[in-house]
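The values are calculated or read from the model by the stated rules, or taken from the named source; none is laboratory data. Quick caveat, the model's predicted, so the values are computed rather than measured. Cβ placement follows ideal geometry from the backbone for every residue including glycine, while neighbour counts extend to all protein chains displayed. The area values use the complete protein model at the heavy-atom level, side chains included, leaving out ligands, DNA and RNA. Shrake-Rupley method; radii C 1.70, N 1.55, O 1.52, S 1.80 Å.
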Amino acid sequence: MQTNFTAEQLKDPKLQRANDILRSCVHCGFCTATCPTYQVLGDELDSPRGRIYLIKDMLENNRVPDAKTVKHIDRCLGCLACMTTCPSGVHYMHLVDQARAYINDRYKRPVSERVLRSVLAQVLPYPKRFRLALLAAKVARPFRALLPDARLRAMVDMAPKVIPPVSRNDDPQSFAPDTSKLKRVALMTGCAQRALNTDINDATLRVLRRFGCEVVVAEGAGCCGALTHHMGREDQAKETAARNIRAWCAEMDAGGLDAIVINTSGCGTTVKDYGHMFKDTPLAADAARVADCAMDVSELLATLDLPHGEGAESLTVAYHSACSLQHGQKIKTLPKDLLRQVGYQVAEPKDPHLCCGSAGTYNLMQPEISAELKTRKIKTLEAVTPDVIAAGNIGCMMQISSGSAVPVVHTVELLDWATGGPKPPALSHSKHTPTVPILR
């Protein structure tokens with residue numbers, strides 16, 4: 001793609017990066033075949049190629065974003081399926097993130113949108129605040145039909161029927177391995193996940209310790225910054241990310257770390273990009289250290305000696321591949337391989353590359369498009385008649401479970417169960433899943 005940035009503009013490292021990305025696009029349109037919003041809306045401007053044209057025009061002309069441009073950028077899920085499909089290696093993620101930050105700084109949204117975005121940014125990344133918000137949503141549920149805005153109704157719908165008690169395992173501390181020590185790792189406990197589902201971190205701790213890992217929850221670590229980063233709130237995102245970098249580097253320097261383990265793939269994609277986020281800043285070197293050390297939990301478990309089991313073969317698992325895992329981190333087969341290794345029958349649905357519609361805060365800010373994508377995803381998952389649905393991202397789990405009677409659990413919960421841990425609570429409370437022998 002030909003660009004027309006001035007020499008003065010290209011002195012800005014951000015615009016130089018945007019220029020490099022834009023020039024790598026050859027207009028081929030392969031991205032339209034895998035873009036979820038284009039599949040739903042059929043509008044060229046709701047495809048990656050269309051958005052690239054809008055971003056190019058906005059940045060080149062250094063203009064205040066107009067409502068049309070903002071609408072189509074806002075509709076982007078950030079699923080990154082286009083990056084998997086693109087034959088030219090266009091790094092769309094960095095381009096759309098830059099556009100969102102540009103819009104956040106220069107576009108004055110309607111009051112209702114500004115309030116909503118501010119509330120989300122000040123609540124979701126903070127577990128205590130988020131718990132209070134979930135309780136408020138439960139109180140508001142009987143009055144859902146009276147709420148005038150679909151986004152407010154989506155926020156009420158987000159609250160689980162049962163809000164789990166706080167897990168003290170998420171507090172800063174160190175857990176000794178159950179066997180001889182093989183690795184020392186830090187577990188990222190996250191933010192929203194700590195309020196929505198404490199079973200995931202608990203299962204991760206058990207399975208890591210079972211196979212020789214000392215697990216550290218670092219003092220000062222918390223939200224990865226993804227939620228605010230994808231809203232264009234660059235300063236807030238970097239502030240929370242910087243706390244993680246300092247916390248994990250302190251652990252690296254004190255006792256050494258073999259990995260920073262992340263069991264929410266949306267967070268993992270962001271942490272692995274810290275080197276880019278903090279390029280040309282005083283934290284650049286430490287951010288790169290953290291990014292290089294970060295691993296999805298499936299990546300780490302693949303290096304450990306999990307048994308080859310035969311006890312779970314009668315349980316069919318429909319594996320949902322989170323976009324941030326398959327497109328953002330390029331991890332496609334490891335979770336399925338691990339599930340098969342310990343004995344499960346794994347079924348993959350049709351069109352596994354398409355997003356479920358969760359995408360961080362997308363299901364709250366674009367509820368109509370999100371609902372359509374959720375319906376499509378659940379239909380393909382249920383078509384393989386599973387006993388359970390597994391995913392590696394809390395957002396996907398919440399999205400799918402809100403529309404399906406099939407129990408939804410994290411992949412690590414099934415791996416924990418098959419190797420000596422307790423039955424996942426979501427299965428224990430479900431009438432849908434049969435009781436089957438599991439490897440012990």
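Below, the figures for the structure above:
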{"quantity": "Protection proxy ranking, peptides 247-254, 323-330, average beta carbon neighbours within 10 Å, highest first", "calculated": "323-330, 247-254"}
{"quantity": "Principal-axis tilt of helix 367-382 within the chain, Cα atoms, nearest 10 degrees", "calculated": "40"}
{"quantity": "Per-q log10 I(q)/I(0), the stretch 281-432, q = 0.17 Å⁻¹ (Debye; single scatterer per alpha-carbon; no solvent)", "calculated": "-0.98"}
{"quantity": "Heavy atoms of L205: accessible area, 1.4 Å probe, square angstrom to 10", "calculated": "10"}
{"quantity": "Among C355, P148, I262 - extreme Cα towards positive end, dipole of the chain, charges at beta-carbon", "calculated": "P148"}
{"quantity": "GNM top mover of F211, F143, F130 - the chain, alpha-carbon springs below 10 Å", "calculated": "F143"}
{"quantity": "Column: log10 I(q)/I(0), Debye, Cα scatterers of the stretch 289-368, q = 0.14, 0.16, 0.18 Å⁻¹", "calculated": "-0.60, -0.75, -0.88"}
{"quantity": "Calculated from backbone phi, Karplus (6.51, -1.76, 1.60) coupling profile of the stretch 175-185 in Hz, x at Gly/Pro", "calculated": "10, 6, x, 7, 10, 4, 6, 10, 9, 10, 10"}
{"quantity": "The chain: most fluctuating residue of Q98, Q16, Q236 per GNM, C-alpha cutoff 10 Å", "calculated": "Q16"}
{"quantity": "Cα-Cα pairs of the stretch 139-223 separated by more than 22 Å (percent)", "calculated": "43"}
{"quantity": "For the stretch 15-87, convex hull of alpha carbons as volume per residue, Å³", "calculated": "86"}
{"quantity": "Between helix 92-106 and the chain: long-axis angle, C-alpha atoms, 0 to 90°, nearest 10", "calculated": "60"}
{"quantity": "Using θ = phi - 60° and Karplus 6.51 cos²θ - 1.76 cosθ + 1.60, couplings along the stretch 254-261 (whole Hz; Gly, Pro as x)", "calculated": "7, x, x, 9, 8, 6, 9, 8"}
{"quantity": "Trypsin sites (Lys or Arg not before Pro) restricted to DSSP loop in the stretch 172-262 with at most 15 other C-beta within 10 Å", "calculated": "K181"}
{"quantity": "Within a Gaussian network of the chain (alpha carbon springs, distance under 10 Å), most fluctuating of C213, C355, C28", "calculated": "C28"}
{"quantity": "Nearest 10 degrees, 0 to 90: helix 48-60 Cα axis against the chain principal axis", "calculated": "50"}
{"quantity": "Per-selection Rg to Rh, the stretch 265-317 - Cα, Kirkwood hydrodynamic radius", "calculated": "1.26"}
{"quantity": "Long-range amide H partners of L182 with built H, under 5 Å", "calculated": "C213, E214"}
{"quantity": "Convex hull volume per residue in cubic angstrom - Cα atoms of the stretch 336-420", "calculated": "88"}
{"quantity": "Most to least packed among 363-374, 164-175 [average Cβ atoms within 10 Å]", "calculated": "363-374, 164-175"}
{"quantity": "Kirkwood hydrodynamic radius over Cα pairs of the stretch 232-348, then Stokes diffusion coefficient at 25 °C and 0.890 mPa s, in µm²/s", "calculated": "155"}
{"quantity": "Net charge dipole size for the chain [Lys, Arg +1 and Asp, Glu -1 on Cβ; Debye, nearest 20]", "calculated": "1020"}
{"quantity": "Cα gyration tensor shape of the stretch 234-276, rounded if a/c is under 1.5, else prolate or oblate by comparing a/b with b/c", "calculated": "oblate"}
{"quantity": "The stretch 66-175 shape via C-alpha gyration tensor axes, a/c threshold 1.5", "calculated": "oblate"}
{"quantity": "Distant alpha-carbon pairs in the stretch 165-312 (separation over 19 angstrom), percent", "calculated": "51"}
{"quantity": "Value of [θ]222 nm, deg cm²/dmol, for the chain, DSSP H segments ≥ 4, -39500 (n - 2.57) each, nearest 500", "calculated": "-13500 deg cm²/dmol"}
{"quantity": "Spatially close lysines, pair count over the stretch 122-267: Cα under 21 Å, gap of eight or more or interchain", "calculated": "4"}
{"quantity": "Amide H partners (placed H, <5 Å) of V342, local residues excluded", "calculated": "G309"}
{"quantity": "Under 5 Å, built H, 5+ apart or other chain: amide partners of G222", "calculated": "N244"}
{"quantity": "HN-Hα J in Hz across the stretch 132-142 - Karplus 6.51, -1.76, 1.60, θ = phi - 60°, x for Gly and Pro", "calculated": "4, 5, 5, 5, 5, 5, 5, 5, 7, 4, x"}
{"quantity": "Shape box of the chain [Cα atoms, principal axes, largest first, Å]", "calculated": "64, 52, 43"}
{"quantity": "Ranking by accessible area, most exposed first, for Y102, Y53 with a 1.4 Å probe", "calculated": "Y53, Y102"}
